């Protein structure tokens, strides 16, 4: 026997989404998906999103800035990866540029240097220099660092 599907009134959904957005910054796409999962109709979705925007629970710029800051500081992602992830969340180029202002250039370069050195040190057992370069490059590319930096760094670390 199937369990009955939970339904929400617009007011209940507003309260639930307020808590959802207050817990962590969310983008419009995540909120819309959450409302679809709650089986809300399109008119109610628009009303709830409008309510969340009016009461500052939902703010794309704030989301983009905190996302970029967090992924850079905690996961050590480069700007390419952060940009790709923000685009998947339907964040525009203007807001992506604003989000990158949260990452100081000096800290960005320093993090790249540390990450490359750390990965190089982990590859101590790899004897073939070409495999070593490839492993280093693949690791840094996956994390979204600039290709020209990776090329230069791998040449520097693995002559």
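The values are calculated or read from the model by the stated rules, or taken from the named source; none is laboratory data. The structure presented is a predicted model; accordingly, all values stated were derived computationally and were not measured. Here the Cβ positions follow ideal geometry from the backbone for every residue, glycine too, while neighbour counts run over all protein chains shown.
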Inset, instruction - Considering each residue of the range 31-42, count those that are surrounded by fewer than 16 Cβ atoms within 10 Å (Cβ to Cβ) and either in a helix (DSSP H, G or I) or at negative phi (or both), and give that number. - result: 5
Legend entry - the range 20-30: number of residues that are outside any helix (DSSP H, G or I) and crowded, with 17+ Cβ neighbours inside 10 Å: 3
Legend entry - Failed condition for residue 6, given (1) closer than 30 Å to residue 101 by Cβ; (2) outside any helix (DSSP H, G or I): (1)
Inset, instruction - Kindly list the number of the only condition in (1) farther than 30 Å from residue 113 by Cα; (2) free of Cβ contacts under 8 Å to residues at least 24 places away in the same chain that fails for residue 28. - result: (2)
Legend entry - Selection status of residue 17, surrounded by 11 or more Cβ atoms within 10 Å (Cβ to Cβ) and free of Cβ contacts under 8 Å to residues at least 40 places away in the same chain: no
Legend entry - Single unsatisfied condition, residue 56 versus (1) at pLDDT below 95; (2) closer than 29 Å to residue 156 by Cα: (2)
